[in-house]
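Student: Sharing a structure, written as structure tokens. Questions coming.
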């Protein structure tokens with residue numbers, strides 16, 4: 001059991017004044033209520049010898065390292081959200097970084113996006129993660145999905161030590177699932193894109209028949225003599241009826257949720273001079289959302305999702321992704 005805890009890290013995400021306090025510049029409405037639980041989790045982690053990692057935002061005072069959509073919040077003489085050295089960037093009262101703890105500064109939603117967190121955790125021999133903090137649909141969820149994509153053996157979220165703007169949004173993100181896409185609307189979107197000269201990119205999964213390139217949690221679905229989901233060359237990997245790749249289109253094969261995760265998509269789009277993206281497909285809470293957040297993190301000027309050409313398990317889950 002002792003070895004288990006030594007291979008586990010607790011990620012405490014964005015528990016800073018600007019996200020938690022009533023007067024915080026980016027206040028998450030449900031954040032204040034979870035502070036006692038986060039304090040307790042940190043105490044228990046230290047008692048068990050679990051590595052505590054504080055994941056925080058500490059931005060340049062002029063906002064030169066924030067997402068494009070937030071840069072208007074920063075200027076000379078104006079203290080923007082979680083500006084480095086500001087009161088808003090400090091941990092909320094009751095949370096204190098101690099000697100063996102570690103701090104990672106991020107500038108985007110995921111704790112892994114363009115940070116050294118993964119290499120640090122590998123060096124420390126960490127195989128399992130426990131995640132707390134704010135907020136559930138954004139930084140928590142992005143970090144969880146990246147952790148799964150990076151093949152951490154166990155990734156857990158403590159539900160009553162994480163929060164969103166409302167309880168419904170929080171629980172909705174924890175319970176989200178998938179369903180099939182609205183195919184006719186996707187077909188129509190592709191037709192209109194081609195008419196307007198928009199580059200169409202098909203982002204697909206074409207997995208190894210033995211599942212050697214899929215996430216750890218899916219590998220039980222693949223074996224010799226068994227056709228796993230979206231196995232390369234299988235019928236399941238083909239585009240659904242009514243959708244067809246044409247000459248000028250482009251295909252990107254992914255093995256994780258986001259279309260950008262460990263693919264060449266971003267470099268291809270840059271070469272093509274692409275500044276704006278329109279996204280359709282499935283599933284809203286997972287692959288769609290991860291791709292959108294990575295696109296925003298990569299500073300695409302405009303990132304749009306066609307709501308009636310994307311889908312989730314239920315209409316409520318689907319619409320909740322956009323709230």
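A short reminder: the numbers here are calculations on the coordinates, not readings from a lab. Everything quoted here is computed from the prediction, not taken from an experiment. Positions of Cβ are backbone-derived with ideal geometry, glycine not excepted, and every protein chain shown enters the neighbour counts.
Student: Counting alpha carbon pairs within less than 8 Å and at least 6 residues apart, what relative contact order, in whole percent, applies to the chain?
Tutor: 17 percent
Student: If you take the square roots of the eigenvalues of the alpha-carbon gyration tensor of segment 96-151 and sort them as a ≥ b ≥ c, do you get rounded (a/c under 1.5), prolate (a/b over b/c) or oblate?
Tutor: Judged from the Cα gyration tensor, segment 96-151 comes out oblate (a/c at least 1.5, b/c at or above a/b).
Student: How would you rank 303, 132, going from fewest to most other Cβ atoms within 10 Å of each one's own Cβ?
Tutor: Least crowded to most crowded, the residues run 303, 132.
Student: Starting from the Cα-Cα distance between residue 307 and residue 122, subtract it from 0.36 nm times their residue separation and give me the gain in nm to one decimal.
Tutor: 62.8 nm
Student: Here's something else I'd like to know. Compute the distance from the alpha-carbon center of segment 218-234 to that of segment 120-139, in whole Å.
Tutor: If we compute the Cα centre of each part, the gap is 29 Å.
Student: What shape does segment 13-58 take by its C-alpha gyration tensor, where a ≥ b ≥ c are the square roots of the eigenvalues and a/c under 1.5 counts as rounded, a/b above b/c as prolate, and the rest as oblate?
Tutor: oblate
Student: Kindly provide the helix-only [θ] at 222 nm of the chain, computed as the sum of -39,500 (n - 2.57) over DSSP H runs of four or more divided by all residues, to the nearest 500 deg cm²/dmol?
Tutor: -7500 deg cm²/dmol
Student: Using a 10 Å cut-off around each Cβ, can you sort 183, 139 from fewest to most neighbouring Cβ atoms?
Tutor: Final ranking by Cβ density, sparse to dense: 183, 139.
Student: Let me ask something else. Work out, in µm²/s and without decimals, the Stokes-Einstein translational diffusion coefficient of segment 2-174 at 10 °C, 1.306 mPa s, Rh from Kirkwood over C-alpha pairs.
Tutor: Here the translational diffusion coefficient equals 98 µm²/s.
Student: Going by C-beta contacts inside 10 Å, put 54, 202 in order with the fewest on the left.
Tutor: Result, fewest neighbours first: 202, 54.
Student: A follow-up question, please. Antiparallel DSSP bridges in the chain: what percent, to the nearest 5?
Tutor: Here the antiparallel bridges make up roughly 10 percent for the chain.
Student: What relative contact order, as a whole-number percentage, does segment 4-66 give when Cα pairs under 8 Å and 6 or more residues apart are counted?
Tutor: 45 percent
Student: With N set to the number of residues, divide the alpha-carbon radius of gyration of segment 183-320 by 2.2 N^0.38 Å and report two decimals.
Tutor: 1.08
Student: Still on this structure, please answer the following. Share of antiparallel DSSP beta bridges in segment 183-320, in percent to the nearest 5?
Tutor: Antiparallel: roughly 10 percent of the beta bridges in segment 183-320.
Student: Still on this structure, please answer the following. How are the Cα pair distances of the chain distributed, in percent, across 20 Å bins from 0?
Tutor: Computed distribution, short to long bins: 29, 57, 14, 0.
Student: Also, I was wondering about something else. Can you tell me the alpha carbon radius of gyration of segment 69-122 divided by the globular rule-of-thumb value 2.2 N^0.38 Å?
Tutor: Against the compact-globule rule of thumb, the ratio is 1.38.
Student: Ok, one more. Can you give the FRET efficiency for residue 3 and residue 115, using 1/(1 + (r/R0)^6), R0 = 22 Å, r = Cβ-Cβ distance, to the nearest 0.05?
Tutor: 0.25
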